[in-house]
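Below is one structure, written out as structure tokens; comments come after it.
A short reminder: the numbers here are calculations on the coordinates, not readings from a lab. Predicted, not measured: the structure shown is a model, and the values here were computed from it. Note that each Cβ is placed from the backbone with ideal geometry, even for glycine, and that neighbours are counted across all protein chains shown.
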Amino acid sequence: MISGLNSLYDYNIGIFNVRIRTTKSSFLGKISELSGSKILVNVYPVPKESLYVIIALTYGVNVDKIVKQLLMNDYYLRRSKIISVKSRKVDDIYVIYGLKRECEFYRLAQACNVHIISPYIFTKGSRDYLVVGKTDYLSDYIERVAEYYGRENVDVVNLNIPEKVVAGIMKNSVMNIVLDKLTPAERKIVKNAYERGYFEYPKVAGQDEIGSYLGLSKVTVSIHLRKAFRKVIKDLVYLID
């Protein structure tokens, strides 16, 4: 049993953030590992059936090519219990959808009477997710996960304050995979601009100062900021009625 796990709320209910650092038999985990990208995963058990509907989203490059390569190798399909899987590009996002006959990942949670909060996310093969339930059940669940995936591959954080819960939910949201749309240079410039007060009113630092700190010209900073904003805002516009 895991000791020292404080309850987030009264009634001995807790929420844990779990990271599993091995793909094991996961088809999507293997795609994330090979592509080096983040994949947002939604899994829906079909009532009264031993079937699971999978819908995954990613901005990773070469995902479609990797999916086709894995489908040519029956080994991955058999291990992951996948009945069917397809992928297609919708605008600039890849959608991977399929059907599983069994899901050991969800079976462990169901056997321990805990609930995995959907969606969860794969990052370069590692699976991050939130799980909620009675603390006694959560302790038993973590033990079983550690036994199945290997203790050296499992990290657990108790989200015992609201701020940690919010951070965990945001981390496993679509906003996380949006970062894959940005180039390393764009991420670096946006992060530096935010930390230096570029977005404050009035501005604490301008593009000249940001460029000077990073060894870039003002024009380069401006171009990267505009490209980054367009990529992120493009997704947000879809949410506007």
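For segment 1-134, what's the relative contact order in percent, using C-alpha pairs closer than 8 Å and at least 6 residues apart?
Values: 260 pairs, mean separation 47.6, N = 134.
Worked out over segment 1-134, it gives 36 percent.
Please list the helices of the chain that count as membrane-span-like by this rule: a mean Kyte-Doolittle hydropathy of at least -0.5 together with Cα atoms stretching 20 Å or more along the helix axis, each helix being a complete DSSP H run. Before the final figure, lay out the partial values.
Details: long enough: 135-149 (21 Å, -0.73); 218-237 (28 Å, 0.26).
The answer, listed by residue number, is 218-237.
Please label the shape of the chain as rounded, prolate or oblate, based on the square roots a ≥ b ≥ c of the eigenvalues of the alpha-carbon gyration tensor (a/c under 1.5 means rounded; beyond that, a/b larger than b/c means prolate, else oblate). Don't skip to the end; give the middle numbers.
On the way: a/c = 2.31, a/b = 1.43, b/c = 1.62.
In terms of gyration-tensor shape, oblate.
How much length is gained on full extension from Phe199 to Leu236, taking 0.36 nm per residue of separation minus their Cα-Cα distance?
On the way: separation 37, 0.36 × 37 = 13.32 nm, distance 1.83 nm.
Roughly 11.5 nm would be gained on extension.
Multiply the residue separation of Tyr44 and Asp155 by 0.36 nm, subtract the distance between their alpha-carbon atoms, and state the gained length in nm to one decimal. Spell out each step's value before the answer.
Working: separation 111, 0.36 × 111 = 39.96 nm, distance 2.45 nm.
This chain segment gains 37.5 nm when fully extended.
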Figure the gain on full extension for Val61 and Val166 (residue separation times 0.36 nm, minus the Cα-Cα span) and round it to one decimal in nm.
34.9 nm
Evaluate the relative contact order of the chain (contact order divided by residue number), counting alpha-carbon pairs under 8 angstrom at least 6 apart; express in whole percent.
25 percent
For Lys81, list the aspartates and glutamates whose Cα falls under 14 Å from its own Cα; do not include residues on the same chain fewer than 8 positions away.
Glu102, Glu104
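Can you pick out the pairs among Lys30/Lys227; Lys38/Lys234; Lys24/Lys231; Lys30/Lys234 whose Cα atoms lie more than 27 Å from each other? Please list the in-between numbers first.
Working: Lys30/Lys227 30 Å; Lys38/Lys234 19 Å; Lys24/Lys231 33 Å; Lys30/Lys234 29 Å.
Lys30/Lys227; Lys24/Lys231; Lys30/Lys234, as the Cα separations exceed 27 Å there.
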Relative contact order computed over segment 182-237 (Cα-Cα under 8 Å; 6+ residues apart), in percent:
35 percent
With just the Cα atoms defining each centre, how far is segment 178-238 from segment 46-96? Give it in Å.
34 Å
Can you give me the distance in nm between label points at Lys86 and Arg19, each placed 7 Å from the Cα along the Cα-to-Cβ direction?
3.6 nm
